[in-house]
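Let me begin by presenting the structure, written as structure tokens, before commenting on it.
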Amino acid sequence: MMRSVPGLRTVEEHRALIDGLISRTPTVMTPLSQAAGRALGAEVDAPIPLPPFDNSAVDGYAVHVADLVGAGPDAVVHLPVARVIAAGDGTREKLRAGTVARIMTGAPIPAGADAVVPVEDARYDGTEAVFGSPSRAGANMRRTGEDVMPPERLFDAGTVLTPSRIGLLAASGLGRVLVHRRIRVAVVSTGAEIVDAATLLRHGRIHDSNSALLSAAVEDCGAELVACIALPDSVNQLRSHLAELGACADVVITSGGVSAGDHEVVKQTLMPYGVRFAGVAMSPGRPQGAGTAFGTTLLTFPGNPLAAYASFELLARPILRRAMGLVPDNRPTLRVPLAHPLPRKCGRHTLDLAIGRPDGSIAMLTGSGKHGLGAAREAGYLVELNGAVPSLDAGETVTATVL
């Protein structure tokens with residue numbers, strides 16, 4: 001049973017708050033070129049058969065099987081080549097008995113032909129094809145609709161479009177499909193100390209890593225990044241930008257300015273609008289806020305980069321993905337043993353970066369006293385443990401998400 005930490009929300013409670021603020025995105029007709037990774041908003045039935053016509057599975061000769069009865073090494077059959085049929089040939093000309101057609105892979109089978117002999121099983125002498133064995137009806141032919149036949153169901157609503165599924169839709173003549181719109185997310189980093197990554201640092205300043213980190217996380221989860229802004233600790237500037245972002249973003253994620261200090265600009269700006277701030281029993285990322293203001297949903301994360309990343313992974317990613325009709329996490333997971341003992345604080349939900357060891361175990365790179373981004377150099381896994389998990393011994397297994 002999960003034990004709560006007095007005065008702190010559980011991760012599950014804060015997730016539920018956020019979940020109630022973010023609605024399922026509407027469905028939109030979208031070109032296939034923009035549909036990868038999206039969830040279908042409605043079922044899709046086959047509009048045409050695949051293949052749409054009988055066609056050749058090989059380069060060879062379209063033949064009448066009856067013309068090759070009795071063919072053998074000592075009784076070769078010579079047949080004139082009446083025509084050549086390439087892929088894309090739209091001519092509807094019947095193949096006369098006693099003749100063959102040179103045919104390419106994917107080309108339509110001429111009416112009257114009932115088999116294709118591979119080119120390597122015949123010989124061409126310039127005017128005639130020479131056959132040394134019989135054939136059978138249907139040999140090396142792809143029949144109309146043998147792959148898909150209308151009104152067969154192609155995909156159910158909610159199916160996520162992978163490259164191969166998009167290929168099937170395109171082959172079926174469907175250039176646009178109804179999918180859930182990507183949720184639109186803006187990222188706002190705050191802090192008097194942050195400067196752009198390309199700016200030369202002065203003493204007391206740091207490069208703004210949260211803008212890049214959270215923007216990448218937004219796009220990695222399948223959402224649409226509509227803005228990325230870095231601001232100093234100014235209530236007026238933050239309020240002005242949030243008013244603009246409310247017109248284009250479903251969700252605005254801020255970082256920094258949510259703790260208990262004297263210059264918590266995000267908290268000072270949003271509390272008058274009813275955004276709720278509280279401590280959450282998670283590490284890293286304890287100070288959190290969520291609510292609606294300026295016509296959008298606001299999620300406020302701490303300014304420490306690892307805390308901001310953990311906040312996104314635990315509180316935003318699963319909910320943003322569900323809003324787009326996707327599973328909360330599509331990344332593979334493994335059950336792996338710990339390389340070392342792992343002390344735990346009762347009731348504290350954690351998310352840490354980890355590295356795989358040659359013996360198949362994993363070692364934590366972040367955790368108590370280790371809150372820098374340097375761990376990202378070697379990290380190959382994320383390990384999430386809820387507050388009910390006790391301290392663990394070396395060799396005990398945990399679930400690790402593959403990055």
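The values are calculated or read from the model by the stated rules, or taken from the named source; none is laboratory data. As the structure is a computational prediction, the values presented were derived from the model and not from experiment. Counting neighbours? That spans all protein chains shown, and the Cβs are built from the backbone with ideal geometry, glycine included.
For the stretch 87-108, the tally of residues that are surrounded by fewer than 17 Cβ atoms within 10 Å (Cβ to Cβ), more than 19 Å from Glu120 (Cβ to Cβ) and in contact (Cβ under 8 Å) with a residue 40 or more places away in the chain stands at 0. Selection of the stretch 207-254 for residues being of a type in the set (A, V, I, L, M, F, W, C) and within 20 Å of the chain's Cα centre (by Cα) yields Ala212, Leu213, Leu214, Ala216, Ala217, Val218, Cys221, Ala223, Leu225, Val226, Val251. Within the option set Ala379, Ala363, Ala375, being over 21 Å from Val280 (Cβ atoms), within 24 Å of the chain's Cα centre (by Cα) and surrounded by 14 or more Cβ atoms within 10 Å (Cβ to Cβ) holds for one residue only, Ala379. Checking the structure you have, find out if any residue of the stretch 317-325 is part of a loop (DSSP other than H, G, I, E, B) and modelled with pLDDT of 95 or more. So far as the stretch 317-325 goes, yes, one or more of its residues are part of a loop (DSSP other than H, G, I, E, B) and modelled with pLDDT of 95 or more.
When every residue of the stretch 309-320 is checked against the conditions, none turns out to be farther than 24 Å from Ala230 by Cα and buried (at least 24 other Cβ atoms within 10 Å of the Cβ). Restricting the stretch 382-399 to residues that are assigned to a strand (DSSP E or B) and either in the same structural domain as Ala307 (by TED's automatic domain parsing) or surrounded by fewer than 19 Cβ atoms within 10 Å (Cβ to Cβ) (or both), the residue that is nearest to the chain's Cα centre (by Cα) is Thr399. Can you confirm whether Val84 is of a type in the set (Val, Ile, Thr), loosely packed, with under 15 Cβ neighbours inside 10 Å and more than 40 Å from the chain's Cα centre (by Cα)? Against the criterion (of a type in the set (Val, Ile, Thr), loosely packed, with under 15 Cβ neighbours inside 10 Å and more than 40 Å from the chain's Cα centre (by Cα)), Val84 qualifies.
Taking the stretch 96-121 only, how many residues are closer than 23 Å to Gly72 by Cα and hydrophobic (A, V, I, L, M, F, W, C)? Of the residues in that region, 9 qualify.
Results for (1) over 30 Å from Ala323 (Cβ atoms); (2) touching a helix residue (DSSP H, G or I) at 6+ places or on another chain (Cβ under 7 Å), shown as yes or no for each residue.
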| residue | (1), (2) |
| --- | --- |
| Arg9 | no, no |
| Glu13 | no, no |
| Asp19 | no, yes |
| Gly37 | no, no |
| Gly41 | no, no |
| Asp45 | no, no |
| Asp74 | yes, no |
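Residue count for the stretch 327-353, restricted to those that are out of contact with any Leu (no Cβ under 6 Å at 6 or more places or on another chain), surrounded by 14 or more Cβ atoms within 10 Å (Cβ to Cβ) and closer than 20 Å to Met282 by Cα: 6. Each residue in the stretch 293-326 was checked for being of a type outside the set (Val, Ile, Thr) and over 21 Å from Ala212 (Cα atoms), and 8 pass. Residues in the stretch 263-281 that are surrounded by 15 or more Cβ atoms within 10 Å (Cβ to Cβ), in contact (Cβ under 8 Å) with a residue 60 or more places away in the chain and more than 16 Å from Arg15 (Cβ to Cβ): Val265, Val266. Of the residues making up the stretch 186-226, those that are part of a strand (DSSP E or B) and either modelled with pLDDT of 95 or more or of a type in the set (D, E, K, R) (or both) are Ala186, Val187, Val188, Ser189, Thr190, Glu224, Leu225, Val226.
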